[in-house]
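Visitor: The structure that follows is given in the form of structure tokens.
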Amino acid sequence: MQIQQKEEGSRPSQQRTQSKSGPRSQGQNKGKSFTFKKKVKTGISSSSENVIKIAPLGGMGEVGRNMMLLEYKAKILIIDAGLRMPEESMPGIDYIIPNTNYLKDNKEKIVGCVITHGHLDHIGAIPYMWHRIGNPRIFTGRLSKGIISKRQEEFPLRPKLDVTEIRDGSQVNLGPFKVEFFRQVHNILDNFGLVIKTDLGNIVHTSDFTFDQTPVNEPPTDFNRLKQIASNGVLLLMSDSTGAEHEGRAISEKVVFDNLDQIFQDAQGKRIIASTFASHISRVKQIIELAEKYNRKVILEGRSMKDFIEISRVLGLVKAKQDTFVKPEEIRKLQDSQVCFVCTGAQGEERASLMKIANGEYRNLNLKKDDVIIFSSSVIPGNERTVQILKDELYRKGAKVYHYQMMDIHSSGHGYQEELLDMLSIMKPKFFMPLHGQFSMLVRHTELAEQ
């Protein structure tokens, strides 16, 4: 996408962005890469000095692998560096990462990278690519900084990362870009939208967001702050599209918490096994709080989940009694009413804990009739079949299974149509670019913007 400021007095025209395919996508198309080019015609000739180039390297036409670059005055700013989980048709593939050949060839132009939040679809590719592109500086919140640093420990031969911690309202000057961070509500703490200021105008990147008015672990959205940003003018709004196909507003985390509370209450005398994404720290925090409320011990399983919760405890974001946590080997010493097993594997991953439990391959816990299983996550597109196989196996073992399609026990943290319209109404951008999601989601978000 190229953005060029119109000459004074000229009138912008309404338009829909149109994609032109370049090299094909890694993962989806046998290891090749995707390049999107989207050009906005503005009526005057372009040059490298008055054009901002925007190139998504992932996250457009797919869920995950979020990464993009902005290039202006021969300087490059990177936003996020995420990975995508493989689909069932990709045996032997651990992760799918963005194509960074352009960044590798232009590493001397990179002025830094800003990370919106700590989910792996926004930070997970860093260990696999940062050394290739010159190890640029990273600016992000304290939680994502902790997660990035912890994951990097698994790669001792890689250069040490240069990570600067930011907070709500922080501003950093990176070449021709002045970046200001503003807090956004999502299902992970320390999530930030971006105001990228240039001499051509302001670009707003929403990050993943929802306008949840009753979040459980953080304050609600500061709408006065959003209006203040809008009052300075928005040249381009780049907005999260993951929830664009859902009508109304996203489920509040308060509703999710109350429903989980009801499950815990109804499960007295039974073991509870809850599964969600490892990086869904807010959800795990809710489950820990409910376990303490109902006098259960928490067993965490999954290396990433253990790491994320330990980082959150060190930072004071997750608070729990020390004796709340027990090791998996101690499950047999507990009564059923004391067990709250929290693990990864809600996407049906073959090597994850929940699949091992379902197949009778987990040595510390054997399923039995009336065990309560909670899937507190949605299904990533492409994983539907493996998740269904997993659920069927759990039902065959006699477990009581709860999932988001039968009860509101998961909120994606992505705004639905009414929230996306609210964001558009507040920002009143000159140009609009949908971000993050399958192509149908991007199209639907564009249609909403054209209303």
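Visitor: Which numbered condition in (1) outside the structural domain of Glu245 (by TED's automatic domain parsing); (2) crowded, with 21+ Cβ neighbours inside 10 Å; (3) touching a His at 6+ places or on another chain (Cβ under 8 Å) is the only one that Lys391 fails?
Guide: With (1) outside the structural domain of Glu245 (by TED's automatic domain parsing); (2) crowded, with 21+ Cβ neighbours inside 10 Å; (3) touching a His at 6+ places or on another chain (Cβ under 8 Å) applied to Lys391, the lone miss is (2).
Visitor: What is the number of the single condition among (1) β-branched (Val, Ile, Thr); (2) within 19 Å of the chain's Cα centre (by Cα); (3) part of a strand (DSSP E or B) that Ile273 does not meet?
Guide: With (1) β-branched (Val, Ile, Thr); (2) within 19 Å of the chain's Cα centre (by Cα); (3) part of a strand (DSSP E or B) applied to Ile273, the lone miss is (2).
Visitor: Can you pull out the residues in region 268-299 that are more than 16 Å from Ser412 (Cα to Cα) and not hydrophobic (A, V, I, L, M, F, W, C)?
Guide: Of everything in region 268-299, those that are more than 16 Å from Ser412 (Cα to Cα) and not hydrophobic (A, V, I, L, M, F, W, C) turn out to be Gln268, Gly269, Lys270, Arg271, Glu289, Glu292, Lys293, Tyr294, Asn295, Arg296, Lys297.
Visitor: Residues that are of a type in the set (Asp, Glu): list the helices (runs of 4 or more DSSP H) wholly contained in region 333-451 that include at least 1 such residues.
Guide: 384-396, 417-427, 439-450
Visitor: Considering only residues that are of a type outside the set (A, V, I, L, M, F, W, C) and within 18 Å of Val111 (Cα to Cα), look in region 122-136 and name the one that is surrounded by the most Cβ atoms within 10 Å (Cβ to Cβ).
Guide: Here the answer is Pro136.
Visitor: Within the bounds of region 103-114, is there any residue that is under 30 Å from Val314 (Cβ atoms) and either surrounded by fewer than 22 Cβ atoms within 10 Å (Cβ to Cβ) or without any contact (Cβ under 8 Å) to a residue 40 or more places away in the chain (or both)? Can you show your working first?
Guide: Taking region 103-114 first, the residues under 30 Å from Val314 (Cβ atoms) are 112-114.
Adding the requirement that they be either surrounded by fewer than 22 Cβ atoms within 10 Å (Cβ to Cβ) or without any contact (Cβ under 8 Å) to a residue 40 or more places away in the chain (or both) leaves 112-113.
Checking region 103-114: at least one residue is under 30 Å from Val314 (Cβ atoms) and either surrounded by fewer than 22 Cβ atoms within 10 Å (Cβ to Cβ) or without any contact (Cβ under 8 Å) to a residue 40 or more places away in the chain (or both).
Visitor: Please enumerate the residues belonging to region 338-353 that are surrounded by fewer than 19 Cβ atoms within 10 Å (Cβ to Cβ) and touching a strand residue (DSSP E or B) at 6+ places or on another chain (Cβ under 8 Å).
Guide: Hit for region 338-353 is Gln338, nothing else.
Visitor: Here's a follow-up. Output the qualifying pairs, or none if there are none: Cβ atoms under 6 angstrom, residues six or more apart or on different chains, first residue in region 256-268 and more than 15 Å from Val284 (Cβ to Cβ) and assigned by TED's automatic domain parsing to the domain that holds Gln335, second residue among the aliphatic types (A, V, I, L, M) and assigned to a loop (DSSP other than H, G, I, E, B).
Guide: Pairs that qualify, where the first residue is more than 15 Å from Val284 (Cβ to Cβ) and assigned by TED's automatic domain parsing to the domain that holds Gln335 and the partner is among the aliphatic types (A, V, I, L, M) and assigned to a loop (DSSP other than H, G, I, E, B), are Asn259/Met407; Asn259/Ile409.
This table checks each residue for (1) touching a residue at least 60 places away in the same chain (Cβ under 8 Å); (2) touching a Phe, Trp or Tyr at 6+ places or on another chain (Cβ under 6 Å); (3) buried (at least 17 other Cβ atoms within 10 Å of the Cβ); (4) not assigned by TED's automatic domain parsing to the domain that holds Val234.
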| site | (1), (2), (3), (4) |
| --- | --- |
| Glu329 | no, no, no, yes |
| Gln335 | no, no, no, yes |
| Met355 | no, no, yes, yes |
| Asn359 | no, no, no, yes |
| Arg363 | no, no, no, yes |
| Asn366 | no, no, no, yes |
| Asp370 | yes, no, no, yes |
| Arg396 | no, no, no, yes |
| Pro429 | yes, no, yes, no |
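Visitor: Anything in region 410-423 that is surrounded by fewer than 17 Cβ atoms within 10 Å (Cβ to Cβ) and of a type in the set (A, V, I, L, M)? List them, or say none. Steps first, answer last, please.
Guide: Filtering region 410-423 down to residues surrounded by fewer than 17 Cβ atoms within 10 Å (Cβ to Cβ) leaves 418, 421-422.
Passing the criteria: only Leu421.
The values are calculated or read from the model by the stated rules, or taken from the named source; none is laboratory data. All figures in this text were calculated on a predicted structure; none of them were measured in a lab. Every residue, glycine among them, receives a Cβ derived from its backbone with ideal geometry; neighbour counts consider all protein chains shown.
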